[in-house]
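*Asks:* Before I ask anything, let me first share the structure, which is written out below as structure tokens.
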Amino acid sequence: MTETWFEETLHRGYGQRFLVTRTLFRQKTEYQELAVHETPAFGRILTLDGICQTTERDEFFYHEMMTHLPILAHGAARRVLIIGGGDGGILEEVLKHRAIERATMVEIDPAVIEIAKTYLPSIPGRAFEDPRTNLIIGDGVKFVADTDEKFDVIMVDSTDPIGPAEVLFQTDFYAQCKRCLSPRGILVTQNGVPFLQQDEFTTTYRRMRPLFPDAGFYFVAVPTYVGGLMSLAWASLDPANRQVDRAALAQRFAEARIDTRYYTPDIHAGAFAMPAYLQKLVDAAR
Ligand code: SAM
């Protein structure tokens, strides 16, 4: 019997492939092509335009670091904004925090949400039914330009800077996000794998640094975001958010009483450590 493989097309000359036992869904929407594949190695995987977005087996690495780190760094987050995040993994982790009163999610393509609920229900869980969820179908750029609401943490869980998400990597968008943050607010964004997406890394830093008192990155290695460390951009209105000591993080984590499989206070404390070659890029981009 011939084997079927899904080959990712993100990086030139390098990539990953998944043995596929069944393709459960494929559809082209006005924004992108969606597909869900069943794989022995990573369970069900969601791809958009040929790029792996999330898998049942390793989704928690990225979703936990995009959520628990900024929420526990802030220490008093009540209102969260998620831009993108159609698979619902970020929303589910945010809502684990009982102190969160309202989680607004702005997703441009409703088909991604429906597909995640139908074919990858372990990722969103019951987050879309939670009364604290405020789901908006629309463009994140327009939402942050129009809203009067203030948020303690903004998480941009977007696709890569091609297609509908390109606008989410621009200076104007970061400036509007800053406008929507409460006084000690934090913005975090998915920012690619710097070893293979170096321009994205330095460009984001150049665009965020002039806008925020504290701008930088933290890191997580996600098995299916190939190429080494994934960089998550960090932009905070209060530099003290990044200086919370280990003991205080451990106390906040204990008080939050959330169950995690990746995030720990030690992982948090070490996540901002930057490899020398990336530190040189950041220094050169100042
Ligand atoms: N974790 C994945 C990653 O790091 O590559 C991203 C997953 S999530 C499925 C990405 C979502 O961003 C998609 O559902 C896509 O429709 C949404 N998106 C892209 N551009 C957008 C925009 N301008 N406004 C709102 N959502 C957008």
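Bear in mind these aren't lab numbers, they're just calculated from the coordinates by the rules spelled out. Please read all numbers here as calculations on a predicted model, not as lab measurements. Glycine gets a Cβ as well: all are built from the backbone with ideal geometry, and neighbour counts include every protein chain shown.
*Asks:* Which one of MET274, MET155, MET66 has the biggest mean-square fluctuation once the chain is modelled by GNM with Cα springs under 10 Å?
*Replies:* Judging by the Gaussian network model, the answer is MET274.
*Asks:* Compute the long axis of helix 110-119 from its Cα atoms, compare it with the longest principal axis of the Cα atoms of the chain, and write down the angle in degrees, 0 to 90, nearest 10.
*Replies:* It is inclined by approximately 70 degrees.
*Asks:* Another one. Taking only Cα atoms, what is the 0 to 90° angle, nearest 10, from helix 198-208's long axis to the longest principal axis of the chain?
*Replies:* Compared with the principal axis, the helix lies near 30 degrees.
*Asks:* Right, another one. Order the peptides 227-233, 18-24 from the highest to the lowest mean number of other Cβ atoms within 10 Å of their residues.
*Replies:* Result, highest mean first: 227-233, 18-24.
*Asks:* Give me the Kirkwood hydrodynamic radius of the chain, using the inverse of the mean 1/r over all pairs of distinct Cα atoms, in Å to one decimal.
*Replies:* Over the chain, the inverse of the mean reciprocal pair distance is 19.1 Å.
*Asks:* For the chain, what's the relative contact order in percent, using C-alpha pairs closer than 8 Å and at least 6 residues apart?
*Replies:* In percent, rounded to a whole number, it is 16.
*Asks:* Specify the residue with the greatest mean-square fluctuation among ASP49, ASP152, ASP87, computed from a Gaussian network of the chain linking alpha-carbon atoms under 10 Å apart.
*Replies:* ASP49
*Asks:* In degrees, nearest 10, range 0 to 90: what is the angle between the Cα axis of helix 246-256 and the longest Cα principal axis of the chain?
*Replies:* Approximately 60 degrees, to the nearest 10.
*Asks:* Using mean Cβ contacts within 10 Å as the protection proxy, how do 201-214, 174-187 order, highest first?
*Replies:* Descending packing order for the listed peptides: 174-187, 201-214.
*Asks:* Go ahead and run the numbers for FRET between GLN27 and GLN198, Cβ-Cβ distance against an R0 of 41 Å, rounding to 0.05.
*Replies:* Approximately 0.80, to the nearest 0.05.
*Asks:* Among GLY88, GLY216, GLY138, which one moves the most in a GNM of the chain with springs linking Cα atoms closer than 10 Å?
*Replies:* For the chain, modelled as a Gaussian network with Cα springs under 10 Å, the answer is GLY138.
*Asks:* Same structure, new question: If R0 is 41 Å, what FRET efficiency do you get for ARG57 and ALA284 from their C-beta distance, rounded to 0.05?
*Replies:* 0.65
*Asks:* Let me ask you something else. In nm, to one decimal, how far is the ARG126 label point from the ASP172 one, both placed 7 Å along Cα→Cβ?
*Replies:* 4.2
*Asks:* For ARG257 and HIS11 in the same chain, what is the full-extension length gain: residue separation times 0.36 nm, less their Cα-Cα distance, in nm? Each step should come with its number before you reach the end.
*Replies:* On the way: separation 246, 0.36 × 246 = 88.56 nm, distance 3.91 nm.
Gain on stretching ARG257 to HIS11: 84.6 nm.
*Asks:* How big is D for the range 161-286, in µm² s⁻¹ as a whole number, if Stokes-Einstein is applied with the Kirkwood radius of its Cα pairs at 20 °C and 1.002 mPa s?
*Replies:* 137
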